[in-house]
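First up is the structure itself, then whatever we jot down about it.
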Amino acid sequence: MPEPGSAAQLPPPLRDQWLAATLTDAKLVARATMAELLEAGPPSVWEAALRAGVVTDQQILDAISIRFKVPVAELAGVEPRVATLLPENIARKYQVIALGADDRLIRIATADPRDLALEQTLAFVTGRDVMFLAAAPEALAKKIDEIYRPEVAVNRLVDGLEPSTVETVDETPAIETVKDPTLDAPMARLVDAMIADAVREGASDIHCEPLVEGTSIRYRLDGVMKEVMRLPASAGPALVRRVKILARLDVTDPLHPHDGRSAVRVDGKQIDLRVSTVPVARRGEKVVVRILDKANLRGTIADLELAPDEESLLLRLLGHREGIVLVTGPTGSGKTTTLYAAITHLKTGRENIVTVEDPVEHDIPGVSQLQVSEAQGFTFASALRSVLRQDPDIVLVGEIRDIETATIATQASLSGHLVLSTLHTNDAASAITRLRDLGVDGFKIASALKGVVAQRLVRRLCAECAVAIEPTELPAEARPPADRPATIRRAVGCKACAGPGYKGRMAVIEIMPVDERGAQLIGGGALPDALVAAARTIGMGTLWESGLRRLWAGDSDLAEIVRVLGEHAGDGPSRAGQGVPETRSGPAGLPSAAPPTAPLETVPQHSSKTRVLVADDDRQMRRLIRMILEREGYEVADAADGLDALDAIEGGRVDLMILDLDMPRLDGMGVLEELRARVLTSSLPVIVLTARSGEAEAQVLDLGAQDFLTKPVQPASLSARVRAVLRRTKMA
């Protein structure tokens, strides 16, 4: 028998023993360290090196690529139909993936590109010459699961989520049913975990969107989209089927849009779901799940947390016994929440209240709620006719969409009913214009309309991480009056808010009451500006002023107010993008402010501050960049297109230019060409900030731009890029 410790007792060499020499020769791992790693008897050299933390996958791949003259594989964009050129048993046995092929050659990703025997085997199996590319073993194993067994990848995602306690609530009459085998599939577990996770995060919607490289799962948190996971492309159809089954939709028809509803219990709490699917060209179906959590419903006017004068004005509108009160704003601005709070306020038990909605989002006890069904001919107009035969006192119409609904609602308000409804307009005064466009006579609007509420939702600053700043750090138009106490804060970001610096939302609101003078103006066909001027005398405040209240109270910050309201900094619809009108005091001592921008030639030429010119046709983007840079101490001017930018450069000194590519009259490429053709501007540093991608970066850098950024941009990133470019050009 051989003696202990003899060669016969040595463990067999590892399957990737060759990698030890590669890593030591590349000086990634010291020889002594490698000997210690191998003495521990690891399953492989690759795994031992990773566990020790001495190298990364990318460093190992780079070393292999250099030594064996093979490229590194890119596994992210592997197409399943190409990968399946290799049978699953071959792919799993040898841990390889097919990346691409033509009539003569097939490209294979492997962790061992020097294995000639494997190359011959694969050449025989595929009938093609083989080209090896290097890939990490763990990445190969995960990609093989995604391609051949997507349920394994789904299980891995589910295991990474918190345990879910989602129970489907059956709202149909109890009948004997056959258990759906899909409920036991991995996708059923993923959908349950996804819904539970979204509810716990406070998301309002779940978006499941098919992309070329997979299926993206995103949540809408406080009005902003956030990607939380990405599934293999092959798992997308299974996800859609599971959600459709949950909402009792037709799983056999992927070519038409579908709408459904469901209810689940998450952690013992019932959650209503609204499900919408639409076909996406050549990619499958997109699914949006609307989460309706009754715990998030603002039940009363007080729950809206309005300023005292705003709440008083709203209650005054709701005090009318007849007429129309409209709530306006874009989708997702909280109109339904405000209307539900109004109905709850008006519900005393002595009135007959009926609503006509599409869909009915929340059940209100004591209120008859009708669900519109366009497919069955039960439209807003036909439902409203039926409601008026039910002897209502108060009627809520979910939305006025057409002349028929508008006419019936107006007639109802003129015959002794209080009608509440919504319109999609940007501000309060535009609601009158919208009703006129629908075909409602001006004298009827004047007689029926009691007031219009316009609103938006802004994110609330996280209480854990928001930091105080001085009012002097704000642009002039956003600073509080000197005699007004203010707590100005800005977002930072922490674990409590998961990064963005905001948690929760609140309303900014604009209420335009209509009195006798306003009715006369409406009947006479007055323009919106005249209507706003009249309403200002009886207490109307603008959206911008409401936003400033939130800013000065420390509830939100200027970046969020600008993101939501943009250039709405003055009175009336015409104010959008045009600064602020003449200086005067608004309600509650809110001052109008100086215009937010000024042409470059108005900047004092003796100023020692660095001057930055922002050229972008998007007024909101210009305002946001201006705010970021002025906070850093720069002087900022702007231009709305390329020709204006060139004129501004000729009219005054510019130290740096931030340039958009897509602009009217002269685009960014043309501006760069013109700058480099002129002697005086050939060395002007330029940062291109654009929504374009792909070849655009190479083109602008060839034209002499110093940096390239894609929209949207983080404030800290923009500031750092500006400082870096100025340092490089020795102008900081």
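The values are calculated or read from the model by the stated rules, or taken from the named source; none is laboratory data. Just so it is clear, the model here is predicted, and its values are computed rather than measured. With ideal geometry, Cβ positions are generated from the backbone for all residues, glycine too; neighbour counts draw on all protein chains shown. When the accessible area is computed, the model is the full protein with side chains, heavy atoms only, and any ligands, DNA or RNA have been set aside. Shrake-Rupley method; radii C 1.70, N 1.55, O 1.52, S 1.80 Å.
Some values worked out for this structure:
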{"item": "Check on T337, surrounded by fewer than 20 Cβ atoms within 10 Å (Cβ to Cβ) and assigned to a helix (DSSP H, G or I)", "result": "no"}
{"item": "Qualifying position, being in a helix (DSSP H, G or I), modelled with pLDDT of 90 or more, of a type outside the set (S, T, N, Q) and closer than 12 Å to K450 by Cβ, among L326, L314", "result": "L314"}
{"item": "Flag if T110 is under 13 Å from P137 (Cβ atoms), surrounded by 17 or more Cβ atoms within 10 Å (Cβ to Cβ) and hydroxyl-bearing (S, T, Y)", "result": "yes"}
{"item": "Meets criteria (of a type outside the set (D, E, K, R), closer than 27 Å to S234 by Cβ, surrounded by 16 or more Cβ atoms within 10 Å (Cβ to Cβ) and under 42 Å from the mean Cα position of the chain (by Cα)) for A91", "result": "yes"}
{"item": "Candidates A696, A691, filtered to the one that is within 17 Å of D617 (Cβ to Cβ), touching a residue at least 24 places away in the same chain (Cβ under 8 Å) and open to solvent by 60 Å² or more (accessible area, probe 1.4 Å)", "result": "A691"}
{"item": "Residue count, region 113-128 (criterion: more than 23 Å from D16 (Cβ to Cβ) and either open to solvent by less than 30 Å² (accessible area, probe 1.4 Å) or at pLDDT below 85 (or both))", "result": "3"}
{"item": "Residue that is open to solvent by less than 10 Å² (accessible area, probe 1.4 Å), in contact with a strand residue (DSSP E or B) (Cβ under 7 Å, 6 or more places away or on another chain) and under 21 Å from G504 (Cβ atoms), where the choices are V266, V228, V243", "result": "V266"}
{"item": "Search result, residues across region 129-140 that are over 25 Å from T56 (Cα atoms) and surrounded by 19 or more Cβ atoms within 10 Å (Cβ to Cβ)", "result": "V130"}
{"item": "Region 271-296: number of residues that are in contact (Cβ under 8 Å) with a residue 24 or more places away in the chain, open to solvent by less than 70 Å² (accessible area, probe 1.4 Å) and part of a strand (DSSP E or B)", "result": "16"}
{"item": "Among residues of region 431-456, those that are touching a strand residue (DSSP E or B) at 6+ places or on another chain (Cβ under 8 Å) and farther than 19 Å from L314 by Cβ, counted", "result": "2"}
{"item": "Residues that are at pLDDT 90 or above and either open to solvent by less than 10 Å² (accessible area, probe 1.4 Å) or of a type in the set (A, V, I, L, M) (or both), drawn from region 519-529", "result": "A519, L521, I522"}
{"item": "Among the candidates L255, L249, residue that is at pLDDT 80 or above, touching a Pro at 6+ places or on another chain (Cβ under 9 Å), hydrophobic (A, V, I, L, M, F, W, C) and closer than 29 Å to R282 by Cα", "result": "L255"}
{"item": "Unique residue being under 26 Å from the mean Cα position of the chain (by Cα) and buried (at least 16 other Cβ atoms within 10 Å of the Cβ) when the list is I445, I509, I432", "result": "I509"}
{"item": "Cβ-Cβ under 7 Å pairs, at least 6 apart or on other chains, region 193-213 side in contact (Cβ under 8 Å) with a residue 12 or more places away in the chain and closer than 17 Å to C497 by Cβ, far side surrounded by fewer than 18 Cβ atoms within 10 Å (Cβ to Cβ) and acidic (D, E)", "result": "D197/E162"}
{"item": "Residues (over 28 Å from Q714 (Cβ atoms) and surrounded by fewer than 17 Cβ atoms within 10 Å (Cβ to Cβ)) located in region 653-669", "result": "R653, R665"}
{"item": "Failed item, numbered, when W544 is tested on (1) at pLDDT 90 or above; (2) part of a loop (DSSP other than H, G, I, E, B)", "result": "(2)"}
{"item": "Conditions (1) within 27 Å of G319 (Cβ to Cβ); (2) in contact with an Asp or Glu (Cβ under 8 Å, 6 or more places away or on another chain); (3) modelled with pLDDT of 90 or more: number failed by L551", "result": "(1)"}
{"item": "Residues within region 590-627 that are assigned to a helix (DSSP H, G or I) and either in contact with a Cys (Cβ under 7 Å, 6 or more places away or on another chain) or modelled with pLDDT of 85 or more (or both), tallied", "result": "3"}
{"item": "All positions within region 670-684 that are open to solvent by less than 40 Å² (accessible area, probe 1.4 Å) and in a loop (DSSP other than H, G, I, E, B)", "result": "T681, L684"}
{"item": "Close pairs (7 angstrom Cβ cut-off, 6 or more residues apart or separate chains): within 21 Å of S65 (Cα to Cα) in region 117-144, open to solvent by 60 Å² or more (accessible area, probe 1.4 Å) and in a loop (DSSP other than H, G, I, E, B) anywhere", "result": "D129/R104; P137/Q95; L140/Q95; A141/Q95"}
{"item": "Qualifying residues in region 311-334 (those that are small (G, A, S) and closer than 18 Å to M540 by Cβ) - the one most open to solvent (accessible area, probe 1.4 Å)", "result": "S312"}
{"item": "Test: residue in region 633-649 that is touching a Gly at 6+ places or on another chain (Cβ under 7 Å) and either open to solvent by 30 Å² or more (accessible area, probe 1.4 Å) or not charged (D, E, K, R) (or both)", "result": "yes"}
